[in-house]
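Undergrad: Following this message is one structure expressed as structure tokens.
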Amino acid sequence: MTILVTGAAGFIGANFVLDWLALSQETVINLDKLTYAGNLETLSSLQGDARHIFVQGDIGDAELVSRLLAEHQPRAVLNFAAESHVDRSIHGPGDFIETNIVGTFRLLESVRGYWSALPEQEKSAFRFLHVSTDEVYGSLSKDDPAFAETNRYEPNSPYSASKAASDHLVRAWHHTYGLPVLTTNCSNNYGPYHFPEKLIPLMIVNALAGKPLPVYGDGMQIRDWLYVKDHCSAIRRVLEAGRLGETYNVGGWNEKPNIEIVNTVCKLLDELRPKADGSSYATQITYVTDRPGHDRRYAIDARKLEAELGWKPAETFESGIRKTVEWYLANPQWVSNVQSGAYRDWVSKQYA
Ligand code: NAD
Ligand code: DAU
């Protein structure tokens, strides 16, 4: 059996494929455009593994996608491919509209063409799983209950609006054409192979380089953090047993203000890689201008996934963040290779 996974040279997709191939004999077709965020080095342990077939290409390339589907006959398509960074979406929303909305539309159409022609048994077993975000629900105030699947969509950034649009397309392809879809809306992930443009890896990398640790605004914005491998296990579970047309919120019940995250990273680094002068990495914290339209609080109510599908995260925030910091300390080459690529142009402009 085969699955087609899009965007699997990125942070979560690559973690998903590494875990999938460690647990299953199924072949993975990995379709990734290799934007600045796509990094095949993350998948270097799969070199020579015939179960991983990498294809560089765009989810919006209907001819390519249709050919891959016809050739490999996957039983499922998992769509991780996206432009994923909120700050980039503020500076240049075009790619977000192109990939997250138009690309998802074109992918859905290619998949619909393939799925409609499948024999009855394969047709009913087929799944299209769309990986989305909690940001589609907008921002919570301090005392609001966590986001449930029934919350209204109120996206605030170009990124979250583009993801919300893609979720709506996926929903419509189910209701209109009967495409067997599943959607997951997850909170902030962290863990190995996370691009150092996002909060946690940026703080680790900047701290070690002796650079400022830029905290937006007052640092009291709240995010709900989930270790990436727990997101991957949730996706596997939804793929296996999720009800068609349903959305499932995925989160770790780990709401934390950003400044607490940054201080935790600093404390771990103080313990694991103390500075020669004995000072704390926390002295590098620098408050900077806030992100425009910055959402104040996200929180995920994951009870549907837990009760219906019996999913539970394996890591607490404390265990997951320690593993993450240890991973970055153990993999300086991965970090420096990312930094020497196109990624550096963006970071040097934004975070110099
Ligand atoms: P990422 O930016 O690290 O990786 C995205 C991958 O998609 C890259 O490998 C990139 O090359 C590829 N890609 C981009 N445009 C493409 C296109 N047009 N065709 C084919 N490939 C393309 O992102 P991530 O953090 O791994 O996020 C993966 C998915 O999970 C996204 O859909 C994102 O919205 C969602 N998500 C992310 C988080 C998070 O905290 N990172 C949380 C919830 C949901
Ligand atoms: O909630 C899920 C979303 O989480 C995903 O859909 C996105 O793809 C993913 O990028 C992430 O979005 P955020 O905007 O929450 O992640 P980011 O790491 O960019 O920022 C986390 C918080 O930290 C946010 O409140 C902004 C703040 N921040 C971020 C950076 C990069 C800082 O204070 N300083 C920084 O330098």
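Undergrad: Would you work out the relative contact order for the chain, in percent, from Cα pairs under 8 angstrom that are 6 or more residues apart?
TA: Answer for the chain is 17 percent.
Undergrad: Another one. Roughly how many nanometres apart are two label points built 7 Å out from the Cα toward the Cβ at Q121 and L329?
TA: 5.3 nm
Undergrad: Expressed as a whole number of Å, what is the distance separating the alpha-carbon centroids of the range 113-140 and the range 282-304?
TA: Comparing the Cα centres of the range 282-304 and the range 113-140, I get a distance of 30 Å.
Undergrad: Okay, next question. With θ set to phi - 60°, apply the Karplus curve 6.51 cos²θ - 1.76 cosθ + 1.60 along the range 191-202 and write out the HN-Hα couplings as whole Hz, x wherever there is a Gly or Pro.
TA: Along the range 191-202, the couplings run x, x, 6, 8, 5, x, 10, 8, 3, 5, x, 4 Hz.
Undergrad: Also, I was wondering about something else. Which cross-chain or sequence-distant (5 or more) residues have an amide H under 5 Å from the amide H of F54, H modelled 1.01 Å from N in plane?
TA: Amide H neighbours of F54: N30.
Undergrad: So what is the calculated 222 nm ellipticity per residue for the chain, using -39500 (n - 2.57) for each DSSP H run with n of 4 or more, over all residues, to the nearest 500 deg cm²/dmol?
TA: -12500 deg cm²/dmol
Undergrad: Please state the charge dipole magnitude for the chain, taken about the Cα centre, from unit charges on C-beta atoms (+1 on K and R, -1 on D and E), reported in debye and rounded to the nearest 20.
TA: 160 debye
Undergrad: Then there is this: Within the set of other residues whose C-beta is less than 11 Å from the C-beta of G57, count the net charge using Lys and Arg as +1 and Asp and Glu as -1.
TA: Result for the neighbourhood of G57: -2.
Undergrad: Oh, and also: Given a 1.4 angstrom probe, I'd like the percentage of the accessible area of the range 2-350 that is carbon and sulfur, rounded to a whole number.
TA: Roughly 51 percent of what the probe reaches on the range 2-350 is carbon or sulfur.
Undergrad: Pairing the Cα long axis of helix 11-23 with the longest principal axis of the chain, what angle in degrees results, from 0 to 90 and rounded to the nearest 10?
TA: 60 degrees
Undergrad: Another question, if that's okay. Name all residues of the range 238-278 having a backbone nitrogen under 14 Å from the label point set 7 Å from the Cα of M1 along its Cα→Cβ direction, giving them as ranges.
TA: 238-242
Undergrad: Relative to the present Cα-Cα distance, how much length would full extension add between A241 and S336 at 0.36 nm per residue of separation?
TA: 30.2 nm
Undergrad: Based on alpha-carbon positions alone, could you give the equivalent ellipsoid semi-axes of the chain from the gyration tensor, as √(5λ), descending, whole Å?
TA: Calculated on Cα positions only, the semi-axes equal 33, 22, 19 Å.
Undergrad: May I pose another question? Taking the Cα centre of the range 1-126 as origin, work out the dipole magnitude from +1 charges on Lys and Arg Cβ and -1 charges on Asp and Glu Cβ, in debye rounded to 20.
TA: 200 debye
Undergrad: A further question on this structure: Please compare each pair in K275/K312; K33/K304; K163/K304; K142/K229 to a cut-off of 25 Å on the Cα-Cα distance and tell me which ones are over it.
TA: K275/K312; K33/K304; K142/K229
Undergrad: Another question, if that's okay. Just the accessible area per residue of the chain, please: how many Å² with a 1.4 Å probe?
TA: Value returned for the chain: 42 Å² of accessible area per residue.
The values are calculated or read from the model by the stated rules, or taken from the named source; none is laboratory data. This structure is a prediction, so every number in the text was calculated from the model and none was measured. Virtual Cβ from ideal backbone geometry, glycine too; neighbours counted across all protein chains shown. All accessible areas refer to the heavy atoms of the entire protein, side chains included, with ligands and DNA or RNA removed. Shrake-Rupley method; radii C 1.70, N 1.55, O 1.52, S 1.80 Å.
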